[in-house]
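Peer 1: I'd like to ask you about the structure that follows.
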Amino acid sequence: MKEPHLVLGLGELLWDVLPEGPRLGGAPANFTVMAGRLGNHAVLLSRIGRDDLGRMALDRLEPLPVNTSSVETDPVHETGRVTVYFESGQPRYTIHQQAAWDFLELSDEWVRLAERADALCFGSLAQRSSEARQTIQTLAAQTSSKCIRVFDVNLRAPFYSGEVIQESLELATVMKMNDVEVPLVLGLLGLPGGDAVESDPPNADAERRGAERLLSEFPNLQMVAVTRGDRGSILVTRNEWHEHPGLPVKVADTIGAGDAFTAAMTHYLLRGADLATLNEAGNRWGGWVASQTGAMPPLADQVRVEIEAAIGW
């Protein structure tokens, strides 16, 4: 039997503090849990405080298929927190600063994992501090040429810059962003086309051209994924593109849906699936998370079997 792929999620582990109470999250953590649920050897690389929230985070992750043995403990800084509120059903965030994950440290153990990794997912938010930024970019550079390096754009004002996006895209082989982020990314990089993407209704052709522009600008980049909420998603490579119309979903909340899309896309990409399958898998799993409450909802075996059958690969 073939060994599971080694998939690393690198960056923030934090608590989303919602009106109804705290929920564990952070894009890399959400990604890693879903990658583990899909059958990979999923390892979370993050940092928590020596506090109750840190202990609660590890307790919450313990029954899930994610390896937390490499999560660092910070003796000084607190476990990350985000205050979440909703406007028109969409989450808005206040991300508290000086969190433990702002101080990710490069360790020999992390380097060894990176050298063996089949896929690594990292984002822009965790690079808001110079310490974590250096650790993330150094670790991404330590991976092998065969490693799928997924840069998951998560623009949370004021924690992003054109410089971080450019440096990350120089390291990435796959980029994922949502439709709102496309014009922002193009603008931050000084690339043309952002105005067309911002049209209302959003212009799928402009989104595709924006993705093609990024592929032409960054030679290591092999695929750009644009998620579009209930309008589905677009995947673009240098040779082809595929648009998925989306699936009808009764949304509970959208927290973690994009991370589930990224994990499912990565899982099937590791297995050599075509763009249509990657899109179907991303929309199926992203839609399922959106239909549930929270980013790491319980997953029944029957639900997994039904979704895998629907993907049909």
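Peer 1: Can you work out which of the residues in the stretch 1-21 that are out of contact with any helix residue (DSSP H, G or I) (no Cβ under 8 Å at 6 or more places or on another chain) and not hydrophobic (A, V, I, L, M, F, W, C) is modelled with the highest pLDDT?
Peer 2: Among residues in the stretch 1-21 that are out of contact with any helix residue (DSSP H, G or I) (no Cβ under 8 Å at 6 or more places or on another chain) and not hydrophobic (A, V, I, L, M, F, W, C), the one modelled with the highest pLDDT is Pro4.
Peer 1: Moving on. Yes or no: the stretch 238-256 includes at least one residue that is under 26 Å from Leu6 (Cβ atoms) and under 21 Å from the mean Cα position of the chain (by Cα).
Peer 2: Yes.
Peer 1: Please verify whether Phe86 is at pLDDT 95 or above and either in contact with an Asp or Glu (Cβ under 9 Å, 6 or more places away or on another chain) or not in a helix (DSSP H, G or I) (or both), treating the condition exactly as stated.
Peer 2: It is false that Phe86 is at pLDDT 95 or above and either in contact with an Asp or Glu (Cβ under 9 Å, 6 or more places away or on another chain) or not in a helix (DSSP H, G or I) (or both).
Peer 1: Next up: Asp74: crowded, with 20+ Cβ neighbours inside 10 Å and more than 20 Å from the chain's Cα centre (by Cα), yes or no?
Peer 2: yes
Peer 1: Quick one: what pairs do we get from the stretch 152-179, first residue in contact (Cβ under 8 Å) with a residue 60 or more places away in the chain, second surrounded by fewer than 21 Cβ atoms within 10 Å (Cβ to Cβ) and assigned to a strand (DSSP E or B), C-beta under 8 Å, 6+ apart or different chains?
Peer 2: Correct list of pairs: Arg156/Tyr93; Arg156/Ile95; Phe159/Ile95.
Peer 1: Can I ask one more? Are there any pairs with C-beta distances below 8 angstrom linking a residue in the stretch 117-134 that is farther than 16 Å from Cys147 by Cβ to a residue that is assigned to a strand (DSSP E or B), with the two at least 6 apart or on different chains, and if so which?
Peer 2: Close Cβ pairs (under 8 Å, with a partner that is assigned to a strand (DSSP E or B)) amount to Gly123/Phe151; Gly123/Asp152; Ser124/Phe151; Ser124/Asp152; Leu125/Ile95; Ala126/Leu10.
Peer 1: Please verify whether the stretch 246-254 includes one or more residues that are polar (S, T, N, Q), modelled with pLDDT under 95 and more than 16 Å from Phe31 (Cβ to Cβ).
Peer 2: no
Rundown of residues vs (1) in a helix (DSSP H, G or I); (2) touching a residue at least 24 places away in the same chain (Cβ under 8 Å), yes/no style:
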{"site": "Ile48", "(1), (2)": "no, yes"}
{"site": "Leu64", "(1), (2)": "no, yes"}
{"site": "Pro91", "(1), (2)": "no, yes"}
{"site": "Thr94", "(1), (2)": "no, no"}
{"site": "Leu106", "(1), (2)": "no, yes"}
{"site": "Glu109", "(1), (2)": "yes, yes"}
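Conditions tested, residue by residue: (1) among the hydroxyl-bearing types (Ser, Thr, Tyr); (2) outside any helix (DSSP H, G or I); (3) closer than 22 Å to Leu235 by Cβ; (4) in contact with a strand residue (DSSP E or B) (Cβ under 9 Å, 6 or more places away or on another chain).
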residue: Phe122; (1), (2), (3), (4): no, yes, yes, yes
residue: Gln134; (1), (2), (3), (4): no, no, no, no
residue: Arg156; (1), (2), (3), (4): no, yes, no, yes
residue: Phe159; (1), (2), (3), (4): no, yes, no, yes
residue: Glu167; (1), (2), (3), (4): no, no, no, no
residue: Met175; (1), (2), (3), (4): no, yes, yes, yes
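Peer 1: Say whether the condition of being modelled with pLDDT under 95, assigned to a helix (DSSP H, G or I) and not small (Gly, Ala, Ser) is met by at least one residue in the stretch 216-236.
Peer 2: yes
Peer 1: Between a residue in the stretch 180-193 that is farther than 18 Å from Ser233 by Cα and any residue that is part of a loop (DSSP other than H, G, I, E, B) and aromatic (Phe, Trp, Tyr), which pairs come within a Cβ distance under 8 Å, given they are 6 or more apart or on different chains?
Peer 2: Leu188/Tyr160
Peer 1: Do we find that Glu198 is at pLDDT 95 or above, of a type in the set (Asp, Glu) and either under 21 Å from Asn154 (Cβ atoms) or surrounded by fewer than 17 Cβ atoms within 10 Å (Cβ to Cβ) (or both) in this structure?
Peer 2: In short, no.
Peer 1: Of the residues that make up the stretch 277-292, is at least one among the charged types (D, E, K, R), more than 16 Å from Ala29 (Cα to Cα) and surrounded by 15 or more Cβ atoms within 10 Å (Cβ to Cβ)?
Peer 2: The answer is yes, given that some residue of the stretch 277-292 is among the charged types (D, E, K, R), more than 16 Å from Ala29 (Cα to Cα) and surrounded by 15 or more Cβ atoms within 10 Å (Cβ to Cβ).
The values are calculated or read from the model by the stated rules, or taken from the named source; none is laboratory data. Remember, predicted model here, so these are calculated numbers, not experimental data. So basically every Cβ, Gly included, is an ideal-geometry build from the backbone, and we count neighbours across all protein chains shown.
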